[in-house]
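Undergrad: I have a structure I would like to understand better, so I am pasting it below and will then ask my questions one at a time.
The values are calculated or read from the model by the stated rules, or taken from the named source; none is laboratory data. The structure displayed is predicted, hence computed values, not measured ones. Note: ideal-geometry Cβ built from the backbone for every residue, glycine included; neighbour counts use all protein chains shown.
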Amino acid sequence: MKYEILYGNTFPLVKVKLERDEAIKAEMNAMISMSPKVELKGTLDGGILRGFGRLLSGEKFFFQELLASECQGEVLLAPNSVGDVQAVELDGSYTLLVQKNGFLAATMGIKVSTKIQNISKSLFSGEGFFILEVSGKGTVFISSFGAIHAISLSDHEEVVIDSQHLVAWPSYMNYKVEKASKGWFSTFTSGELAVCRFKGKGTVLIQTRNGKGFGSWVQQFIPRGN
């Protein structure tokens, strides 16, 4: 399989070229166009339990599966929101944790399930009890709101990240959720409630925009009825 990500980090498009008998799975509604001989079907990918798990994490119950069954084919995929798309190559040695709505597509060697966070992380971070757990060997396409920026840490480095800007990170990285400031008053008045402190070697992908913040900004322009 060959792919190309087009049009930068605002309105990206993923062009995938499939060889005969190759397939790619994608989030529902991700397909924009495909070659006539490509077969499109809905799939649970992992069964009903995994499907319900994805629903709880904010994802769709079904995936799209696009298969080039007779000959080579081309597929165009895109996320629903305005933002970036980045390809991550997984070698099977670790699991990638992904925020809800962060999965766009993956090769068939990739499994997408859910991970239950502990109560303190889920309630305080605002991400809920479930996040996506992506594993296996192959390529996974991650989408974001805004551009994707990578923060790489060495063994003894730390970084503090606003939880609303997290996109994806490897499961072997140590992190904890904490309030943004030392005092609760400063935490609330600063506008930054929860942050995640990452420590140790690894790369965290963040997004340059905050979906909730953008929603609040848009809301001020919506006319209110009497």
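Undergrad: Anything in region 134-166 that is in contact (Cβ under 8 Å) with a residue 60 or more places away in the chain and closer than 13 Å to V98 by Cβ? List them, or say none.
TA: Within region 134-166, F141, I142, S143, S144, I148, L166 qualify.
Undergrad: Please specify each residue of region 73-92 satisfying the condition of being among the polar types (S, T, N, Q) and modelled with pLDDT of 95 or more.
TA: Q86
Undergrad: Could you check region 210-226 and list, in sequence order, the residues that are in contact with a helix residue (DSSP H, G or I) (Cβ under 8 Å, 6 or more places away or on another chain) and not in a helix (DSSP H, G or I)?
TA: If the condition is that a residue be in contact with a helix residue (DSSP H, G or I) (Cβ under 8 Å, 6 or more places away or on another chain) and not in a helix (DSSP H, G or I), then N210 is the only one that fits.
Undergrad: Consider S113 carefully, then state whether it is surrounded by 15 or more Cβ atoms within 10 Å (Cβ to Cβ), modelled with pLDDT under 95, farther than 19 Å from Q207 by Cβ and touching a Lys or Arg at 6+ places or on another chain (Cβ under 9 Å).
TA: For S113, the condition - surrounded by 15 or more Cβ atoms within 10 Å (Cβ to Cβ), modelled with pLDDT under 95, farther than 19 Å from Q207 by Cβ and touching a Lys or Arg at 6+ places or on another chain (Cβ under 9 Å) - is met.
Undergrad: OK, next. In region 166-195, what residues are at pLDDT below 90, under 21 Å from the mean Cα position of the chain (by Cα) and not basic (K, R)?
TA: Y175, V177, A194, V195
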